[in-house]
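The structure appears right after this line, and notes come after that.
The values are calculated or read from the model by the stated rules, or taken from the named source; none is laboratory data. Note that the structure is predicted; figures quoted are calculated from it, not measured. Don't worry about glycine lacking a Cβ; one is built from the backbone with ideal geometry, like all the others, and counts go over all protein chains shown. Heads up: the accessible areas ignore ligands, DNA and RNA and are worked out on the full protein's heavy atoms, side chains in. Shrake-Rupley method; radii C 1.70, N 1.55, O 1.52, S 1.80 Å.
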Amino acid sequence: MIEYKNVDKSFGDLRVLDHISCAIPEGKITVFVGPSGVGKSVLMKMIVGLEKPDAGSVWVDGDEVNRMDERGLYRVRRKIGMLFQDGALLDSMTVAENVAFPLRQHTSKREKEIARIVSEKLALVGMPGCEGKWPSELSGGMRKRVGLARAIALEPEIVLFDEPTSGLDPLMADAIDDLILEMQRKLRCTFVVNSHDIPGTFRIADLIGVLYDSRLVAYGEREEIQRSRDQLLIRFFSRHTGR
Amino acid sequence: MSFVIELGAISLFALRSLYWAFSPPFFFRETLRQMARVGERCLLPVIGVVAPFGMVITLHGLQIVHIFGVERMLSSILVISLLRELSPGLCGIMMAAQAGSTAAAELGTMRVKEEVDALSVMGINPFQYLIAPRLIALTLMCPLVNAIACSSGIVSGYITAVVFGGVNRGAFLSNLYSFVGVIDIWSGIIKTLVFGFVIGVVSCYYGYYVRGGAEGVGKAANDAVVRSIITFLGMNYFLTSALLALSR
Amino acid sequence: MSNTVKPSLLTGVLAQVGRWGIFSFTAARWTCSAPPALGSVLWEAYQIGVQSLSIVCVIAFFIGSTIALQGYYAFREFGGQNLVGIFVALACVREMGPIVAGSMVAAKAGTAMAATIATMRVKGQIDALEVMAVNPYRYLISPRLLASLIALPLLVVFADFITVFAGYLVAVYQLGVNSGTFLENVATYIGMRDVFFGMIKGGVFALLICLLSCYQGYYSQPGPEGVGRATNRAVVSVCIICIIMNYLLSEMMYG
């Protein structure tokens, strides 16, 4: 379980997060939506300790990550996988080496075993048999898929998705959304997703958090948010879905 | 080997740039702006390198003049080595690293963002508007920066010798120019003019013909620095031979 | 109504130096407490050496020949042109060898380090490393640090040899100095001690080049301009600091 308690964050004079509190349950897909530049990425990076809150605390499975030293953080990060916006694949390595990278760093599995896991994960994300390709040869959607294969290589308990559909054409975005749903059915772990794509959010989310103007204006089950009579929410969603 | 072939292409590029630089319309304001930028970017780094080098020469000079017992020679050795060789060479290297790489990166970015093509479509010759001002600015600013850097080297040498090294102040100052001829001043100016021109041509060449997106721009900037240094240090050997033979 | 203090040039520079100090300390701590795999260090050392060897040789050749020319004409003023061997040997082995090797490694390998690490920073790959629980200092910086410590002193020896060799060619074949005199002068005034001191200089330059270049890359600004800026700053700051350091080292070793 991931929990935010009264988290504040500013960059200079710009306030990006204002008293955020919420708990993200295990084994569900939780989506944070909001316009770009409202601190969704910052909120997500706090889970892995890449950003620290100015005030308040962030808890992952009972560990307060904002107070941990480096060694403790690395212990927490071992059970988290993260898909970055553009995949963040290491350019100097092939697709297979990228997916194998966390395995080589953190386990003492033999090369044969690693090769088996790599091809299994690549098949899982719908990219079988592209082990020998280089990141620069892949399209944006393919890079995200490989990034996802790398994120789940160590079979993490929590997977974070930073804007998984941004910069993709609608068909590819749908395909990624399907992939997220399918993965969640197979892996049964906690998914946290950042998105500004409203229709996609309604398709995949179990829980929805709406970030607006640096505050968490709504947080709850999908149906609850969809049925909400709150004027701000109605305007927010209708503007983005064209309803 | 491929670099030798490329030198041919660079020479043709230089001729083309020169042709356009001397045919109207002239972009005087842009040229002045580029000169100001080159001066602003290069002056401190060049002084930062030449001044400590003046101290090193003095340090070793002190030992050599003690071997031969000619302390009064110290300041002449310092001034001659700075004027003829070290200041132009170091100035060239630092200007290649600062101004040359900037020129290559700017032109490369404009090429990648299709701004160069946009200029051509608008009827502005990129050679006249982009390359000529940078080329002229580098060629003219190099001697100027070198002159200032050279003085800073002499001052730092004076500090090392007189303040730290205990050399007699009068002996140092009175012998500063006793072995310096007009040809030494000229050799510094001619060398830096050539170095500046070489840096300008090589940097603009690699920037103008950049390939392969953002990474290509980075590679172009690096190539510009390394290859302009190789080229002008190679030419330096022949320039030194010619100028030294001339002076006697 | 903002009351934040605008950083002045001085506080800006001091903050940079302080941040660099912390960066270097962290890198050193990780290198000592968890040394990187020997294989990756040797691979990096091979990369740095091969990247820079050809250009070090070319530049060293030009510098050596020019030093011989200048020395010959300077010593001729008082009839000592046959002593050019002393001048070439002292200038090349004590000063120019380490400086040529250092500046070319800074220009080739240093900029490559800054550009690679800056690109990784800009593309979010360093964050990705951290999320995968891989320490970026240990994975990216330690191998480069140890590798440059191995490669640069070796390149200094190459540069020493080639500068003196070029000086010999010019002195003997262009200027007509007696070959035996030249070699004897070199042998008398230069010992293993000077070569060894040159290698120490090379080691210090290696530390500075690697730590400064990696630092500029690690704290690169976002965007493709950020990568260019980081690379450029790396070369310039390395050149200036190495030359100042060179003076201090020369003062300690030969002063």
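List of remarks:
- Selection status of residue C:200, away from chain B (no Cβ under 14 Å), assigned to a helix (DSSP H, G or I) and under 17 Å from the mean Cα position of the chain (by Cα): yes
- Failed criterion for residue C:48 (all others in (1) among the hydrophobic types (A, V, I, L, M, F, W, C); (2) open to solvent by less than 60 Å² (accessible area, probe 1.4 Å); (3) within 13 Å of chain B (Cβ to nearest Cβ); (4) under 22 Å from the mean Cα position of the chain (by Cα) hold): (3)
- Residues within the stretch B:222-248 that are at the interface with chain C (Cβ under 7 Å from one of its Cβ atoms) and either open to solvent by 20 Å² or more (accessible area, probe 1.4 Å) or not aliphatic (A, V, I, L, M) (or both), tallied: 7
- The residues on offer are A:148, A:154, A:160, and the sole one that is open to solvent by less than 20 Å² (accessible area, probe 1.4 Å), under 14 Å from residue A:81 (Cα atoms) and at the interface with another protein chain (Cβ under 10 Å from one of its Cβ atoms) is A:160.
- Applying the condition of being open to solvent by 30 Å² or more (accessible area, probe 1.4 Å) and assigned to a helix (DSSP H, G or I) to the stretch C:74-89 and asking which residue is nearest to the other protein chains (Cβ to nearest Cβ) yields C:74.
- Looking only at residues of the stretch C:203-238 that are polar (S, T, N, Q) and either away from every other protein chain (no Cβ under 13 Å) or assigned to a helix (DSSP H, G or I) (or both), we find that the one that is most open to solvent (accessible area, probe 1.4 Å) is C:221.
- When restricted to residues that are open to solvent by 50 Å² or more (accessible area, probe 1.4 Å) and free of Cβ contacts under 8 Å to residues at least 60 places away in the same chain, the stretch C:175-184 contains 1.
- Test set (1) open to solvent by 30 Å² or more (accessible area, probe 1.4 Å); (2) of a type in the set (S, T, N, Q); (3) more than 30 Å from residue C:43 (Cα to Cα) - residue A:57 fails condition number: (1)
- Qualifying residue in the stretch A:89-104 (condition: part of a helix (DSSP H, G or I), closer than 24 Å to residue C:26 by Cα, open to solvent by less than 20 Å² (accessible area, probe 1.4 Å) and among the β-branched types (Val, Ile, Thr)): no
- Filter result for residue B:63 (of a type in the set (S, T, N, Q), within 14 Å of chain C (Cβ to nearest Cβ) and either in contact with a His (Cβ under 9 Å, 6 or more places away or on another chain) or assigned to a helix (DSSP H, G or I) (or both)): yes
- Hits in the stretch A:220-243 - residues which are surrounded by 19 or more Cβ atoms within 10 Å (Cβ to Cβ) and within 23 Å of residue A:85 (Cβ to Cβ): A:236
- Residue that is nearest to the chain's Cα centre (by Cα), among those in the stretch C:109-145 that are within 13 Å of chain A (Cβ to nearest Cβ) and among the hydroxyl-bearing types (Ser, Thr, Tyr): C:116
- For the stretch A:83-101, the criterion of being in contact with a helix residue (DSSP H, G or I) (Cβ under 6 Å, 6 or more places away or on another chain) and over 22 Å from residue A:163 (Cα atoms) is met by at least one residue.
- Taking the listed residues B:170, B:212, the one that is loosely packed, with under 15 Cβ neighbours inside 10 Å, on the phi > 0 side of the Ramachandran plot and of a type in the set (Gly, Ala, Ser) is B:212, with no other qualifying.
- Looking only at the stretch B:85-134, and only at residues there that are in contact (Cβ under 8 Å) with a residue 12 or more places away in the chain, of a type in the set (Val, Ile, Thr) and more than 11 Å from chain C (Cβ to nearest Cβ), the one that is nearest to residue B:205 (Cα to Cα): B:131
- Checking each residue in the stretch C:163-185 for being over 30 Å from the mean Cα position of the chain (by Cα), within 12 Å of chain B (Cβ to nearest Cβ) and either aliphatic (A, V, I, L, M) or over 17 Å from residue B:238 (Cβ atoms) (or both) picks out only C:175.
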